[in-house]
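Structure record follows, encoded as structure tokens.
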Amino acid sequence: MGKMRRIIEEEKGKVGMMMNVQGQGRRKGMGMGVKKWMVVSEKGQSLLEEVEKHSIMRRTGLPARDLRVLDPMLSNPSSILGRDRAIVVNLEHIKAIITPKEILMINSSNPLFLHFLHDLLARLPSSNNETPHPMSNDTDTDYEAKSLSEGSPTLAQDVPEAPAPKQLPFEFRALEACLESACMCLESEARTLEEEAYPALDELTSKISTLNLERVRQIKSRLVALSGRVQKVADQLEHLLDDDNDMAEMYLTQKLDARLLDQAEASSKQAYNVEFEDHDDERCKLGKSISEKSDTTSGPADLDVEELEMLLEAYFAQINGIMQKLSSMSEYVDDTEDYINIMLDDKRNQLLQVAVVFDTLNMIVSAGIVVVGSFGMNIHIDLFDGQNSQFWATTWGTVVGCVVLFLVSVWWGKKRYLLPR
């Protein structure tokens, strides 16, 4: 009995160890989906949270494939995706999810991200204080009103006050901060590359060396990579500007208000009396039509996208300016390469001409050697029995003949354009 009890206790211990290992593995697997997110509310309050992926999906209504775009371990192109309840932004160092009430960003120690977070926090309180939008023309309006009041007080009293500029919703202010930070990052890199590229290219044209060629090669690689990144952002903005349906999807606040109105209409319908049943049906149909418009967002007829279109066009023009700067730099690099190739071709032609001259000289000297070899043969001729004057005449005659033959060969080469004139 004691032996049987020990066997049962050992089996229980093994089972307990297996369950403990499985529980640790399950907890480890659950912890793999937890990431640190920086959450900034529309009131400018920031909070660092550790949130699981499924919690983010329930919180924002995004599918798993959209969250995969924000994975920092994957190399995804720049994208701005408008969804029913959120906007997914993946631009350079910014990986964020924008909702009508908050923005969730993957926390990072990148200095560019910290600068963007500081700019976002500084932007939100000013918006809550109803500060005019930077694109508004309030300065000119104030100046005109002041001039009118100083010139004619009576007329200034009759002039009505200008209406306050329309306040952008939270999602557009957050999107504008993301676009501005991405554009500033790309423009800063383009400016730095421009400051390094032009002096290096000018130095290469004056002195062709291995060190200068390596510097230009690295600059060209950076230029190609930066041009690709800028082109991706420009393509994404152009795609949004060409499709009104995608821009209408990004009006999160209006869609949220429409859903709240639909819920309010549904709740009020239940509280109405029977005598107002017909009137309730009409308001219910109105609420349903509004909710259907917010869900389908069939185009500019449902939502006016002019506000977002103006915002995107401003940053699209800025991206185009960066692209023009990089294009000019690329053309300068190509012109420098053409100039270097022309210089190399000229040096190659000079080497070929020198080779032609030396080959001609070698042929003439070989002709003189033939004459000398002929007189060096062990054959008796009458010239050997003559005087010294005959020897010198033969020697100088051979030399003069070689020189004349060389000059004739050079003249013929210039006439045939084989040698420079």
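So Val51 fits all but one of (1) open to solvent by 30 Å² or more (accessible area, probe 1.4 Å); (2) modelled with pLDDT under 90; what number is the exception?
(1)
Yes or no, residue by residue, for (1) closer than 30 Å to Thr99 by Cα; (2) under 23 Å from the mean Cα position of the chain (by Cα):
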site	(1), (2)
Ser188	yes, yes
Lys220	no, yes
Ala225	no, yes
Gln231	yes, yes
Leu252	yes, no
Leu260	yes, no
Ala264	yes, no
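Quickly run through region 318-345 and pick out the residues that are of a type in the set (Asp, Glu) and within 14 Å of Ser227 (Cα to Cα).
So in region 318-345, the residues of a type in the set (Asp, Glu) come out as 331, 334-335, 337-338, 345.
Within region 318-345, just Glu331 meets the criteria.
Give me a count of the residues in region 82-101 that are open to solvent by 40 Å² or more (accessible area, probe 1.4 Å) and not basic (Lys, Arg).
Looking only at that region, the number is 2.
For region 102-118, which residues satisfy the criterion of being open to solvent by 50 Å² or more (accessible area, probe 1.4 Å), touching a residue at least 12 places away in the same chain (Cβ under 8 Å) and closer than 15 Å to Ala182 by Cα?
Scanning region 102-118 gives Asn110, Leu112, His115.
If I go through region 190-234 residue by residue, how many of them are aliphatic (A, V, I, L, M) and either in contact with a Pro (Cβ under 7 Å, 6 or more places away or on another chain) or closer than 25 Å to Ser75 by Cβ (or both)? Lay out the reasoning, then the answer.
Within region 190-234, the subset aliphatic (A, V, I, L, M) is 190, 193, 197, 200-201, 204, 208, 211, 213, 216, 219, 223-226, 230, 233-234.
This time we only want the ones that are either in contact with a Pro (Cβ under 7 Å, 6 or more places away or on another chain) or closer than 25 Å to Ser75 by Cβ (or both), so: 190, 193, 219, 223-226, 230, 233-234.
Qualifying residue count, region 190-234: 10.
Hey, among the residues in region 329-370 that are of a type in the set (Ser, Thr, Tyr), open to solvent by less than 60 Å² (accessible area, probe 1.4 Å) and modelled with pLDDT of 90 or more, which one's nearest to Cys183 (Cα to Cα)?
Taking region 329-370 first, the residues of a type in the set (Ser, Thr, Tyr) are 330, 332, 336, 339, 360, 366.
With the extra rule that they be open to solvent by less than 60 Å² (accessible area, probe 1.4 Å), the set shrinks to 330, 336, 360, 366.
If we keep only those that are modelled with pLDDT of 90 or more too, we end up with 330, 336.
On the way: Ser330: 20, Thr336: 28 Å.
Looking at residues that are of a type in the set (Ser, Thr, Tyr), open to solvent by less than 60 Å² (accessible area, probe 1.4 Å) and modelled with pLDDT of 90 or more, I get Ser330.
Does region 300-313 contain at least one residue that is buried (at least 19 other Cβ atoms within 10 Å of the Cβ), small (Gly, Ala, Ser) and either in contact with a Cys (Cβ under 8 Å, 6 or more places away or on another chain) or modelled with pLDDT under 95 (or both)?
no
Scan region 153-169 and give yes if some residue there is under 32 Å from the mean Cα position of the chain (by Cα) and at pLDDT 85 or above, otherwise no.
Yes, region 153-169 contains a residue that is under 32 Å from the mean Cα position of the chain (by Cα) and at pLDDT 85 or above.
So Pro420 ticks every box in (1) surrounded by 11 or more Cβ atoms within 10 Å (Cβ to Cβ); (2) touching a residue at least 40 places away in the same chain (Cβ under 8 Å) but one. Which box is left unticked?
The failed condition is (1).
Which residues, counting only those in region 55-81, are open to solvent by 60 Å² or more (accessible area, probe 1.4 Å) and in contact with a helix residue (DSSP H, G or I) (Cβ under 9 Å, 6 or more places away or on another chain)?
Across region 55-81, the qualifying residues are Leu74, Pro77.
Mind counting the residues in region 309-329 that are closer than 24 Å to Arg222 by Cβ and aliphatic (A, V, I, L, M)?
5
The values are calculated or read from the model by the stated rules, or taken from the named source; none is laboratory data. This one's a predicted model, so the numbers in the text were calculated from it and none came from an experiment. All Cβ positions, even for glycine, are placed from backbone atoms using ideal geometry, and neighbour counts span all protein chains on display. What goes into the accessible areas is simple: the full protein's heavy atoms, side chains included, and nothing from ligands, DNA or RNA. Shrake-Rupley method; radii C 1.70, N 1.55, O 1.52, S 1.80 Å.
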